[in-house]
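Report on the structure given below.
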Amino acid sequence: MKIAIACDHGGLDLKRAAVDYLHTHGYEVVDFGTNEACSCDYPDFALPAAEAIANGTCDRGVVICGTGIGVSIAANKVKGIRCAHCHDTYSAKYTRLHNDANMLAFGQRVIGEGLMLEILETFLTTGFEGGRHQKRIDKITAIENKYFK
Ligand code: RB5
C-alpha cells in the first residue's frame, strides 16, 4: 500500500515518527513535505498529498499540523477525499468501516507519538464495511458533484 504523507512545521516530529513506522511495516511512502522546521502554510502541503489520493497515485494519506484541523479542512476540499481527523482508535476504526475514509489527520500539539501510531495502524488495517454505508458515501459524492467544478 502506498501512503501519501504531509505536514506543516507544527506536525514535523509526528510525521517523522509516522514515516519511520510506515517504512518499518513495509508501506511505500510518498512524502510531500514540509521537511523544514520553519513556519509554513499547511494548505501548501495538504493539497499535493490529497491530490495524490484523488488521482490514484497513492492509496491512503496522512496529514499532520498543530491541531490536525487545518490540514483536514484543506484535504477535504479536494474532490474524492474523505479525510478523518482522529485522535482515538475507535474513530479511526469506524471511519474506515463506515465512511471509507481515505485520509487521516493528526494534531501534533494534541496527541503523542504512541497513540498516533496505534490510530495509524487501526486506520491502515481496517477495511470498508460497504452495504448500507456505500449508499451514504454515494450521497457524499453527490454533494461533491453538486458543488465542485
Ligand atoms: C500553525 O501554527 C498551526 O496553525 C497549524 O499547524 C494548524 O494547527 C492549523 O490548523
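The values are calculated or read from the model by the stated rules, or taken from the named source; none is laboratory data. Predicted model, so just to flag it, every value in this text is computed and none were measured. Methodologically, a virtual Cβ is constructed for each residue, glycine included, from the backbone with ideal geometry; neighbour enumeration extends over all protein chains shown. SASA here: full protein model, heavy atoms, side chains in, ligands and nucleic acids out. Shrake-Rupley method; radii C 1.70, N 1.55, O 1.52, S 1.80 Å.
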Find all pairs meeting these conditions: Cβ atoms under 7 angstrom apart; at least six residues apart or on different chains; first residue within region 56-78 and under 16 Å from CYS40 (Cα atoms) and within 8 Å of the ligand (Cβ to nearest atom); second residue of a type outside the set (Phe, Trp, Tyr) and open to solvent by 60 Å² or more (accessible area, probe 1.4 Å). GLY66/ARG109; THR67/ARG109; THR67/VAL110; GLY68/HIS85; GLY68/VAL110; ILE69/HIS85
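For (1) within 16 Å of the ligand (Cβ to nearest atom); (2) in contact with a helix residue (DSSP H, G or I) (Cβ under 8 Å, 6 or more places away or on another chain); (3) under 24 Å from THR57 (Cβ atoms), each residue gets a yes or a no:
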{"residue": "THR95", "(1), (2), (3)": "no, yes, yes"}
{"residue": "ASP100", "(1), (2), (3)": "no, yes, yes"}
{"residue": "MET103", "(1), (2), (3)": "yes, yes, yes"}
{"residue": "GLY107", "(1), (2), (3)": "yes, yes, no"}
{"residue": "ILE119", "(1), (2), (3)": "no, yes, yes"}
{"residue": "LEU124", "(1), (2), (3)": "no, no, yes"}
{"residue": "ALA142", "(1), (2), (3)": "no, no, no"}
Could you please find all residues in region 91-120 being without any contact (Cβ under 8 Å) to a residue 40 or more places away in the chain and in a helix (DSSP H, G or I)? SER91, ALA92, LYS93, TYR94, THR95, ARG96, LEU97, GLY114, LEU115, GLU118, ILE119
Which count do you get for residues in region 57-89 that are in a strand (DSSP E or B) and surrounded by fewer than 24 Cβ atoms within 10 Å (Cβ to Cβ)? 3
Checked ALA50, ALA84 against criteria (in contact with a Gly (Cβ under 8 Å, 6 or more places away or on another chain) and either more than 10 Å from the ligand (Cβ to nearest atom) or farther than 21 Å from ILE143 by Cβ (or both)); the one match is ALA50
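I'm trying to understand the selection: among the residues of region 17-34, which are part of a loop (DSSP other than H, G, I, E, B) and among the small types (Gly, Ala, Ser)?
Answer for region 17-34, where residues must be part of a loop (DSSP other than H, G, I, E, B) and among the small types (Gly, Ala, Ser): GLY26, GLY33.
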